[in-house]
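Notes to accompany the following structure.
What follows is calculated from the coordinates using simple rules that are stated; it is not laboratory data. Every value quoted in this text rests on a predicted model; they were computed, and no experiment measured them. No Cβ is skipped: glycine too gets one built from the backbone with ideal geometry, and neighbour counts run over all protein chains shown.
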Amino acid sequence: MSLAVEFDSPCSQSTIDDETASYPVPFQFKERFDIIKSDYSVNVLPVYCRDEFVPPDQTTELLNGALAEVHLVLSHNHIRKPGDEFDSFNGHIRQVIVHVPGTGKASSPYKRKNVREGPVRPPPDTPSHPLKSKHDEPLEINVPKLA
């Protein structure tokens with residue numbers, strides 16, 4: 001589930017708007033969201049696929065590995081303080097148009113929390129096993145003899 005959302009600055013509204021009240025929030029964030037939703041309003045990230053709006057709870061799955069056009073506003077401020085001068089940049093996504101939906105990525109055994117558990121050893125019948133070709137035939141490894 002996605003949290004494709006941006007919160008407006010605190011508002012002084014006495015009632016919660018429909019979008020904020022019905023926004024799909026993952027269970028682990030529900031309690032915290034309930035605390036702040038009366039003080040902030042939700043701005044849903046406009047994501048479109050085939051000119052159809054994509055509901056917030058489907059954006060992560062759709063965007064994972066997708067080819068998308070992202071419209072954004074990039075702002076630059078040159079800040080001068082006595083004895084200090086720097087540039088500050090901000091970007092705000094305005095909409096996302098998905099041209100080719102993502103298919104997601106297969107979970108990799110190489111992504112794990114503790115690398116000290118030892119090396120990853122895929123089973124020999126795995127297509128990505130180093131001793132298998134992509135056609136599931138054993139690879140012939142020819143090592144030239146040194147003279």
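Points worth noting:
- For segment 18-23, the Karplus equation 6.51 cos²θ - 1.76 cosθ + 1.60, evaluated at θ = phi - 60°, returns couplings of 4, 4, 5, 5, 9, 5 Hz by residue, with Gly and Pro reported as x.
- Residues whose placed amide H lies under 5 Å from that of V47, excluding near-sequence neighbours: V54, V96
- Between the beta carbons of T103 and V73, assuming R0 = 25 Å, the FRET efficiency works out to 0.25 to the nearest 0.05.
- Using the Cβ-Cβ distance between D84 and N43 with R0 set to 25 Å, the FRET efficiency from 1/(1 + (r/R0)^6) comes to roughly 0.15.
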